Amino acid sequence: MTASTDPSTDIGTPVLPEFETASIPSISADAFKAAFRGHPGGVALITAVGPNGPVALTATSVASISAQPPLLIFSVSTQSSSSPALLSADSVVVHLLDAEHLPLARLGATSGIDRFADTSLWSTLPTGEPVFHGPVWLRSIIVDRLGAGGATVIVAEPVETNLTGDRDNAESGALVYHHHRWHRLGEASRVDDHSI
């Protein structure tokens with residue numbers, strides 16, 4: 001369907017038709033999962049402090065959406081035990097994980113454990129959020145929340161960062177999740193000599 005132009009508005013301003021989304025057929029959950037299973041995602045650990053203490057969640061949904069102002073998004077499933085604390089938090093810490101931080105990715109992805117039992121792995125920022133040692137992290141203020149199916153999409157503005165390590169080094173080994181497995185990216189995985 002193409003956009004039409006409404007003469008009562010500024011010339012050239014498109015007026016998009018409204019759709020009844022309930023009448024649009026949807027693919028099955030299994031087909032959707034199968035499609036995304038082959039689409040790799042970067043791995044992050046998201047932490048916050050809740051009314052019952054600190055929480056952590058491993059996520060592959062973190063993405064940057066704006067540089068001016070800096071904004072990132074991630075989603076939180078309603079099935080996650082960390083969901084209530086993350087959804088009520090005013091701020092979070094987003095840890096961007098390299099392959100060397102695989103134990104942290106596993107920690108945040110494992111149910112039924114005390115993710116903060118080993119106090120040598122983390123500390124508390126002056127602002128109260130828990131932060132794990134090692135990865136690059138961004139302390140971010142929550143600016144918006146959007147309900148989306150069985151999840152909530154959270155928009156956050158980074159206000160503080162810790163840029164440890166060499167993020168421009170292709171050998172640093174970015175951690176990605178693909179086909180139910182953790183993978184390390186490096187020079188051997190490069191397929192193009194051009195950068196964008």
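Read the figures in this text as sums done on the coordinates, not as results from a lab. Predicted, not measured: the structure shown is a model, and the values here were computed from it. No Cβ is skipped: glycine too gets one built from the backbone with ideal geometry, and neighbour counts run over all protein chains shown.
What net charge is computed for the residues neighbouring Ser91, neighbours being all others with C-beta under 9 Å from the C-beta of Ser91, Lys and Arg scored +1, Asp and Glu -1?
In short, -1.
In the stretch 108-150, whose amide N lies under 18 Å from the spot 7 Å out along Cα-to-Cβ of Glu160? List them in ranges.
Once the point is set 7 Å along Cα→Cβ of Glu160, 122-143 turn out to lie under 18 Å by backbone N, inside the stretch 108-150.
How far, in nm, would the chain grow between Ile24 and Ser88 when pulled straight, counting 0.36 nm per residue and subtracting the alpha carbon separation?
19.8 nm
Taking the Cβ-Cβ separation of Ser111 and Ser61 as r and a Förster radius of 30 Å, what is the calculated FRET efficiency to the nearest 0.05?
That gives a FRET efficiency of 0.95.
Using a Förster distance of 35 Å, how high is the FRET efficiency between Phe32 and Ile141, based on the Cβ-Cβ distance and rounded to 0.05?
The pair Phe32/Ile141 has a calculated efficiency of 0.65.
Output the relative contact order of the stretch 40-164, whole-number percent, from Cα pairs under 8 angstrom with separation of 6+ residues.
29 percent
Quick one: if you stick a label point 7 Å off each Cα along the C-beta vector at Asp192 and Glu100, how many nm between them?
A separation of 2.8 nm, rounded to one decimal place.
Net charge near Ile141: determine it from the other residues with C-beta under 13 Å of the C-beta of Ile141, scoring Lys and Arg +1 and Asp and Glu -1.
With Lys, Arg at +1 and Asp, Glu at -1, the neighbours total -3.
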